[in-house]
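Structure first, then comments.
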Amino acid sequence: MNTFSDGPQNPLFTPLPLPGNLTLDDLPQAGISNSMQELLPFAPRGKCTCWGIPFQIERILLLKDDPITIQLPPTRTNWLVFCHTADLYPLEANQHGIISPMRGEGGLGEKAAAYTILYDDGSQVSAAVRRRFQIGAFTHRWGERCVESVPHHKPFPLNAPESIEHYGWGSTQTRATGGDFNLRWTDWLWAWQNPYPHKPICGVRFEPAGQIVLVMAISAGDVGSNPLRWQPRQKARLTLPPELPFQARLDTHGLLEQVQLDLGQVISAVCQPLYPNDRWEETYNNQVPVLPANQVLVEYTCHPEANFHLWNGAVIAAAALESRSHPELQPVAPARQRVRLKVVERASGKPTAVKLHIHGEAGEYLSPRDRHRIPNANWFEDYSVDFSHQGIHHSTYIPGSALLDLPLGKVYVEISKGFEIRPIRKVVKITPQTEELLFEIDKVLPWRERNWVTADTHVHFLSPMSAMLEGAGEGVNVVNLLASQWGELMTNVGDFDGKTTWGSKDAGGDGEYLVRVGTENRQHVLGHISLLGYRGDIILPMTTGGGDESAIGDPVEILLTEWAKQCKAQGGVVVLPHFPNPRLEHAASIVSGQIDAIEMTSWGNLYAGIDPYSLSDWYRYLNCGYLLPAVGGTDKMSANTAIGTVRTYAHIRPGQPFTYEAWMDAIRRAETFVTYGPLIEFNVEGKPMGSRIALSSNGGTLDIHWQVATVTVPVTRVELIVNGEIRQSAAVNGSEASGYWSQRIERSSWLALLVRGHYADQPEIVAAHSSPVFAMVEGSPMLPAADALTILEQIEGALAFLDTVATRAEEKVYKRMRLELQAAYRAIHNRMHEAGYFHDHTSPTDHAEHHTH
């Protein structure tokens, strides 16, 4: 039996016995349409609950030709709810296919029947039942719903992965659906209000109007208003026993185990964020709240006389929440005060894009009207311009203004914009008179005025306009949005045109915040490579070599080194992303001189800092004399990562206008540093990062000046790194410091500045790192034997992969790639032999020791 229930039953309703004239199984012989016969197995039957109202669907009434009168037990009630549906009927079109008069397939306004309610005193009240008003067809076109009746399934939330099997990936991204979504058969519920609730009803006369109508069931209820009309969204705080931690598991009807509503629906239930509200203005930006496992924020919509049904069998009237007499379920102030929030620069008074977070006294996130109430932080799933830190602390990006519905009382505001502007954390009281909130931001670190520009070298999936808003909100001047291929999935390829820099003056922008679409080209063993800012045709293939980066069965047909050469030929910059992994062919690309920078990557973690593993790999190339600047890129692929979490600062030449081309030039010069917050000035002998200083064979003593400042991550220590080792160190206790060191250099060396820091409740991290300055001592090559050998062996690994398990392209392609790798191998190999370093050889590269190739 196809019974149906979309939630618990409201006790104010009682199903009435319906003396029908046939059963659903009898319908195929009753003259219904073929379409209705086909979908009849999906019709609800038996004991059913629809919109919290109980129905008994057993013998039904088929209305077709003659009126039918049924007797009911004497019933005093405010409302009768009819569960009924209608058959389709053919539309009459002329020879050209035009229908006139055109009521649509649903027959809008056409009379289907009349229902006359009979009272035991002999009086009666008649009501017309019209198509798409009080009744609809068992199936209907999209856009032809009813206006006074509702589908038998009430609206419900969707949540992947629970719902994905039934409704598909795309539909689950909406997280909400009307009740008839994916229904094969629809009964329609129409609530008729009794004008004489004190008089007993004793029967109903049904008069068909030449069309087939099925009356499935009737229910009576004593509620004060239309039981099918719900109130606007509200929230409540649910407290579970400690032994019953909350896990949000929706079934296919959108029902939760812990809490349900009868005449209504739970929209969402999330662990309640516990923010430090009592000291909000003293805490730091993006601080993650505590999530107690048994405190739940429930968002819901319901009829005024709905009831909550809890896991323990308790039934609580929704209207009783205001009395606060039920400790397990407490009301949260509704967000209904419409407020316009504006953010301006204090100096200019101009609106400015920022990242915004607001929550109420219960920790509930309060999003602008055009943003997600619960941001979606899953990979390549729907998300607007949001940031969901650790999936807990939600923020969004606004272009200087936002419209919000806020609760009366205190709200807690967090506003930030990058690393040079002091974040705002304020407590604001909302009253019925509050219509606008104005915030002014202050720039306290003038690095941009010193010609430093910021960039994220690695962002995916956003549209260019969304990337520009998020970049502006984070104070990131350059966002590199990378098209790519993921198996059979292509992303952002339609945004690539090989010429446009969104936000530039040439493209109609103000030239301060830019977005350029490049590509991340990938191979699952050899590695990934980011090709930025190149002009002309897209560099293909974007992936190669089969799963999991390329399509299964794709051969290895191009190397990272070859991609890099093509990018450079088209005027672009080449970056090794999320350095050093995938860790193989990039050694050959670096040795071949095709890499412009290596990328430190956050992957959404605000507190991990620059990974020492990445530094270790970078340092060995610097030790061997390869001057590779460091850049910062997030590899943003979902809302759990903010653009610029780790970012590049690059120095534009004084007097040079800021353009994307000027930024690329700064990357090539290696005048950069990478940071999670602290800002750096660092020079050696007055020369900037990326410089080469020539010294005589006697070496020399170098003067080093530095400055650090921060408005985000507090700095604890500044260190001078020479050839990968700490040579000088200074403790810092505050937001700004500067210093001077004198460092003796006796052999060719590289020097860089490393900054450590942390928030009070987080571990210490490498919070910033400069690109190096090279001090070249005459007659002193930079080639430590141990580091050089690891690079050589890495290139050997790339050759071994190409020779053995890599899927082969045609022979000439294979030979071309092998020659490319051999050239890089020989370049580092010959340097080693010139320095007198001997080593074991593997079979692909074996040779007599006296040969240098």
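The values are calculated or read from the model by the stated rules, or taken from the named source; none is laboratory data. Predicted, not measured: the structure shown is a model, and the values here were computed from it. Note that we place each Cβ from the backbone using ideal geometry, even for glycine, and neighbour counts take in every protein chain shown. Please note that ligands, DNA and RNA were not included when accessible areas were found on the heavy atoms of the full protein model with its side chains. Shrake-Rupley method; radii C 1.70, N 1.55, O 1.52, S 1.80 Å.
Some observations on this one:
- Set Glu549, Glu562: member being open to solvent by 20 Å² or more (accessible area, probe 1.4 Å) and part of a helix (DSSP H, G or I): Glu562
- Qualifying residue in region 375-383 (condition: modelled with pLDDT of 95 or more and hydroxyl-bearing (Ser, Thr, Tyr)): no
- Residues in region 713-757 that are modelled with pLDDT of 95 or more, assigned to a loop (DSSP other than H, G, I, E, B) and at negative phi were compared, and the one that is surrounded by the most Cβ atoms within 10 Å (Cβ to Cβ) is Val713.
- Selected residue (criterion: modelled with the lowest pLDDT) from residues of region 162-204 that are of a type in the set (D, E, K, R) and open to solvent by 60 Å² or more (accessible area, probe 1.4 Å): Glu165
- Considering region 666-681, the residues that are closer than 14 Å to Leu627 by Cβ and over 30 Å from the mean Cα position of the chain (by Cα) include one that is least open to solvent (accessible area, probe 1.4 Å), namely Ala670.
- Scanning region 801-820 for residues that are assigned to a loop (DSSP other than H, G, I, E, B) and under 40 Å from the mean Cα position of the chain (by Cα) yields Thr804, Val805, Ala806, Thr807, Ala809.
- Segments classed as strands (runs of 3 or more DSSP E), wholly inside region 286-361, with at least 2 members that are open to solvent by less than 50 Å² (accessible area, probe 1.4 Å) and more than 24 Å from Asp222 (Cβ to Cβ): 295-302, 329-332, 335-345, 354-359
- Taking first residues from region 544-567 that are free of Cβ contacts under 8 Å to residues at least 24 places away in the same chain and partners that are open to solvent by 10 Å² or more (accessible area, probe 1.4 Å) and part of a loop (DSSP other than H, G, I, E, B), the Cβ contacts under 9 Å between residues at least 6 apart in sequence or on separate chains come to Thr544/Asp554; Thr544/Pro555; Thr544/Glu557; Thr544/Ile558; Thr544/Ala809.
- Among the residues of region 693-712, those identified as in a strand (DSSP E or B) and crowded, with 17+ Cβ neighbours inside 10 Å are Ile693, Leu695, Leu702, Ile704, Trp706, Val708, Ala709.
- So Asp456, is it of a type outside the set (S, T, N, Q) and open to solvent by 20 Å² or more (accessible area, probe 1.4 Å): no
- Val444 vs. criteria open to solvent by 50 Å² or more (accessible area, probe 1.4 Å), more than 27 Å from Met468 (Cα to Cα) and in contact (Cβ under 8 Å) with a residue 60 or more places away in the chain: no
- Each residue in region 594-612 was checked for being over 25 Å from the mean Cα position of the chain (by Cα) and under 17 Å from Pro772 (Cβ atoms), and 5 of them qualify.
- Some residue of region 776-790 being surrounded by 13 or more Cβ atoms within 10 Å (Cβ to Cβ) and part of a strand (DSSP E or B): yes
- The single condition among (1) touching a Gly at 6+ places or on another chain (Cβ under 7 Å); (2) assigned to a strand (DSSP E or B); (3) under 26 Å from Ser225 (Cα atoms) that Ile60 does not meet is (3).
- Number of residues in region 111-161 that are part of a strand (DSSP E or B), hydrophobic (A, V, I, L, M, F, W, C) and crowded, with 21+ Cβ neighbours inside 10 Å equals 8.
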